[in-house]
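Trainee: Sharing a structure below in structure tokens format, with a few things to ask.
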Amino acid sequence: MIDLHSHLLPGIDDGASSLAEALTLAQMAVDDGISHITLTPHIHTGRFDNDISTISPVFSAFRKAIEQAGLPLTLAIAGEVRISDELLLQIPQKKVPFLGEWRGKKVLLLEFPHSHIPPGSEKLVKWLLNQGIVPMIAHPERNKDILRNFDLINPFVEMGCLFQLTAMSVSGDFGRQSEQRSLQMLEKGWVTILATDAHNIKHRPPVLSEGFEAAKRIIGEVSARALVVDNPHMIAGL
């Protein structure tokens, strides 16, 4: 399986706090059947002031540590980018790493605040699309606006956004409401990938298999496999 959203890079955001924890998380991923992980630290102006220049050296050191540990895990680099006006500068300045490509467009892992969908989000998504960038909305099933009113996701569906569900949401570990929204999105065929969004060992582990099994029960094995193998393989260019 292929995981395109994770926070294993140590000491750079609210994910792994140390190299030792990061390596333990990597081993957990391998044990779960994950062969590729894209590392997506938060890029959130004012909280996690990351960009390619800060992420790259941490990534290089971690990749070397993975190789030295002999873990059969391939790594790539991207970022989970908080939606904000700063994107209007970050994108032209090439400070933001992309997940890969989807049908000729670059893919940006775009995060809304958990509490709401900010005013102006639709306008910013349209701007990204006009730049040849398709947003992949990170974990919409956990956004409180969408939990309250599922119809609020419709404009982003209509514009052609991609959607990433958290595996733990699909398996019910983020609560009944997020599980229900996940089920609705799966049934409608709106989901592009499942990912772990792994942050730590105990509460947010790099486990994709349980979400995959839960998705299989909803949409069948072939469609579920597309979410953890085929689609992420295509996006990452593996």
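The values are calculated or read from the model by the stated rules, or taken from the named source; none is laboratory data. Here the structure is a predicted model, which is why all the values come from computation and not from measurement. Note: ideal-geometry Cβ built from the backbone for every residue, glycine included; neighbour counts use all protein chains shown. Side chains are part of the model used for accessible areas, which takes the heavy atoms of the whole protein and leaves out ligands, DNA and RNA. Shrake-Rupley method; radii C 1.70, N 1.55, O 1.52, S 1.80 Å.
Trainee: Quick one: what pairs do we get from the stretch 24-37, first residue open to solvent by less than 30 Å² (accessible area, probe 1.4 Å), second in a helix (DSSP H, G or I) and of a type outside the set (S, T, N, Q), C-beta under 7 Å, 6+ apart or different chains?
Mentor: Close Cβ pairs (under 7 Å, with a partner that is in a helix (DSSP H, G or I) and of a type outside the set (S, T, N, Q)) amount to 26/66; 36/236; 37/29.
Trainee: Out of (1) farther than 18 Å from residue 31 by Cα; (2) open to solvent by 10 Å² or more (accessible area, probe 1.4 Å); (3) touching a Gly at 6+ places or on another chain (Cβ under 8 Å), what's the single condition that is false for residue 209?
Mentor: Against the list (1) farther than 18 Å from residue 31 by Cα; (2) open to solvent by 10 Å² or more (accessible area, probe 1.4 Å); (3) touching a Gly at 6+ places or on another chain (Cβ under 8 Å), residue 209 comes up short only on (1).
Trainee: With (1) free of Cβ contacts under 8 Å to residues at least 24 places away in the same chain; (2) open to solvent by less than 10 Å² (accessible area, probe 1.4 Å) as the list, and residue 70 as the residue in question, which single condition is left unmet?
Mentor: (2)
Trainee: Now for a different question. Please give the helices (runs of 4 or more DSSP H) falling wholly within the stretch 132-172 in which 2 or more residues are surrounded by fewer than 16 Cβ atoms within 10 Å (Cβ to Cβ).
Mentor: 144-148, 154-158
Trainee: Which pairs have Cβ atoms under 6 Å, sit 6 or more apart or on different chains, and link a residue in the stretch 111-134 that is touching a residue at least 12 places away in the same chain (Cβ under 8 Å) to one that is open to solvent by less than 20 Å² (accessible area, probe 1.4 Å) and not aliphatic (A, V, I, L, M)?
Mentor: These pairs meet every condition: 111/80; 112/143; 125/135; 128/135.
Trainee: Mind telling me which of the residues 218, 235 ends up being assigned to a helix (DSSP H, G or I) and either over 27 Å from residue 104 (Cα atoms) or at pLDDT below 95 (or both)?
Mentor: Answer to the check: 218.
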